[in-house]
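The structure appears right after this line, and notes come after that.
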Amino acid sequence: MPASFETPSPAGARTMPHTRTQALRWVWMSLTLDAVLIVLFAAQGRKTHESGMDLGGILLTALPFLLAWAISTAVTRPRRTWAQIWPAGVVVWMVTVAGGLALRVAFGGTAALAFQWVTAGALAVLLLGRRAVTALILRSRRRSRS
């Protein structure tokens, strides 16, 4: 691996040089934030439906979505696509929603149509929104360095 590489811009073009350590820090922060957002999604759902706010219950609710997210993130090669909305972000979002719902049902949960719509919308805002904010930060940093 080279000592430095370029971080992807929102459109996928490589633009902002970073040392390997700096870039990996951004990747890990972004991945951690995605996972935290999915757990917050599960916590909000449990709170809304008065299902209890114990950490174990929240993590159990989040688990199917975290598993689907982890698989989709690994497949989209996060070291290169962590800031992309299209196509990587959309793929991660779609697989997280579809895979998470399928795993939820496989684990014995429910997935009513209304829940499917809420899940798709909430995770779009959270996962794609995080990428949009990341893209804005990268653009701002790139401008300040120019």
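A few points about this structure:
- Filtering the stretch 56-71 to residues that are surrounded by fewer than 22 Cβ atoms within 10 Å (Cβ to Cβ), among the small types (Gly, Ala, Ser) and more than 15 Å from LEU33 (Cα to Cα) leaves GLY56, GLY57.
- In the stretch 116-146, the residues that are open to solvent by less than 60 Å² (accessible area, probe 1.4 Å), in contact with a helix residue (DSSP H, G or I) (Cβ under 8 Å, 6 or more places away or on another chain) and not charged (D, E, K, R): THR119, ALA120, ALA122, LEU123, ALA124, LEU126, LEU127, LEU128, THR134
- ALA23 being at pLDDT below 95, crowded, with 17+ Cβ neighbours inside 10 Å and in a helix (DSSP H, G or I): yes
- Taking the stretch 52-113 as the region of interest, the helices (runs of 4 or more DSSP H) fully inside it that hold 1 or more residues being among the basic types (Lys, Arg) and in contact (Cβ under 8 Å) with a residue 12 or more places away in the chain are 78-81, 88-106.
- Matching residues in the stretch 87-105 - criterion: being open to solvent by 70 Å² or more (accessible area, probe 1.4 Å) and within 20 Å of ALA74 (Cβ to Cβ): MET94
- Failed item, numbered, when ILE38 is tested on (1) modelled with pLDDT under 90; (2) in a helix (DSSP H, G or I); (3) closer than 19 Å to PHE115 by Cβ: (1)
- Candidates ALA68, ALA135, ALA43: the one that is at pLDDT below 95 and aliphatic (A, V, I, L, M) is ALA135.
The values are calculated or read from the model by the stated rules, or taken from the named source; none is laboratory data. Keep in mind the model is a prediction, meaning the values are calculated, not measured. Backbone-built Cβ (ideal geometry, glycine too); neighbour counts: all protein chains shown. Calculation scope for accessible area: heavy atoms of the full protein, side chains included, ligands and nucleic acids excluded. Shrake-Rupley method; radii C 1.70, N 1.55, O 1.52, S 1.80 Å.
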